[in-house]
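One structure is given here, and the rest of the page talks about it.
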Amino acid sequence: MSDRTQSPDPVPSAHARRDAALFLWKWIQAPTRIGSVWPSGRSLGRAMAAELDLSVPGAIVELGAGTGPVTATLLQSGVPAERFYAVERDPALAAVLRQRFPSIRVLEGDAGELPALMRAEGVEQLAAVVSCLPLVSLPRTLVRRVIEGAFDILHPDGRFIQFTYGVVSPIPLRHFRLEARRVCRVWRNVPPAAVWRYTRRPGVAVGHGG
């Protein structure tokens, strides 16, 4: 696990400040569904993008894409737009994503229904899931639906990539039998965040944890 200790990201632009204002308003409306009062930074997006393996077949899905800072970094890192899907439940945020990223598919819906959302698009398999969802503050039943649904359609060599502001795994490993690794801490993000990578244990059902 690496610690990325560079200085903070540059001062936000007017564009980013508008995003922050929208994020703050959404957080006030539903603090358990919006994980932060400030959108994720580019450094965090690059750290998450570094965990992708584009040689694995299937779509790349971002959960909880918000206003798109991680989306932009994933595209800049080389994720092909034709393989990329962003899932966002909030209609206002989904509208921002469609305006900013016309080359990708933006799916407005519940991340807990990911298999159904993807199959409606004709997608049967995912290469990776990049999650910006605030898993630690979501109801346990929803977290179970998100994780089990994602791994239902994730390629056997696929990866589930999640960030957290906490110090422990944001996916409760006592409930899910997954290989988990904290790959880095991104000090440049505001607030600092850790990136975790999850993969299947060969021959073990994901949802049969204690």
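Just a yes or no: is a residue in the range 179-191 basic (Lys, Arg) and assigned to a helix (DSSP H, G or I)? No.
Put simply, of Val190, Val167 the only residue that is of a type in the set (A, V, I, L, M) and free of Cβ contacts under 8 Å to residues at least 60 places away in the same chain is Val167. Residues in the range 157-197 that are of a type outside the set (Val, Ile, Thr), closer than 15 Å to Cys132 by Cβ and in contact with a helix residue (DSSP H, G or I) (Cβ under 8 Å, 6 or more places away or on another chain): Phe160, Gln162, Phe163, Gly166, Pro170, Asn189, Ala193. Please tell me if Ile153 is surrounded by 23 or more Cβ atoms within 10 Å (Cβ to Cβ), modelled with pLDDT of 95 or more and at negative phi. So Ile153 does not fit the description; no. Screening Trp187 on (1) in contact with a Ser or Thr (Cβ under 8 Å, 6 or more places away or on another chain); (2) under 23 Å from Pro156 (Cβ atoms) shows it passes everything except condition (2).
Only a single criterion out of (1) over 15 Å from the mean Cα position of the chain (by Cα); (2) among the hydroxyl-bearing types (Ser, Thr, Tyr); (3) outside any loop (DSSP other than H, G, I, E, B) is not satisfied by Tyr198, namely (1). The number of residues in the range 49-82 that are among the polar types (S, T, N, Q) and crowded, with 19+ Cβ neighbours inside 10 Å comes to 3.
Filter the range 75-118 for residues that are of a type in the set (D, E, K, R), within 22 Å of Asp53 (Cα to Cα) and free of Cβ contacts under 8 Å to residues at least 40 places away in the same chain and give the result.
Across the range 75-118, the qualifying residues are Glu82, Arg105.
Each row is one residue, and each column tells you yes or no for (1) among the charged types (D, E, K, R); (2) touching a helix residue (DSSP H, G or I) at 6+ places or on another chain (Cβ under 7 Å).
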{"site": "Ala94", "(1), (2)": "no, no"}
{"site": "Gly109", "(1), (2)": "no, yes"}
{"site": "Ala116", "(1), (2)": "no, no"}
{"site": "Ala120", "(1), (2)": "no, no"}
{"site": "Ala127", "(1), (2)": "no, no"}
{"site": "Arg144", "(1), (2)": "yes, no"}
{"site": "Glu148", "(1), (2)": "yes, no"}
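The values are calculated or read from the model by the stated rules, or taken from the named source; none is laboratory data. Note that the coordinates shown come from a computational prediction; the quantities given were computed from them, not determined experimentally. Here the Cβ is made from the backbone with ideal geometry for all residues, glycine too, and neighbour counts use every protein chain on show.
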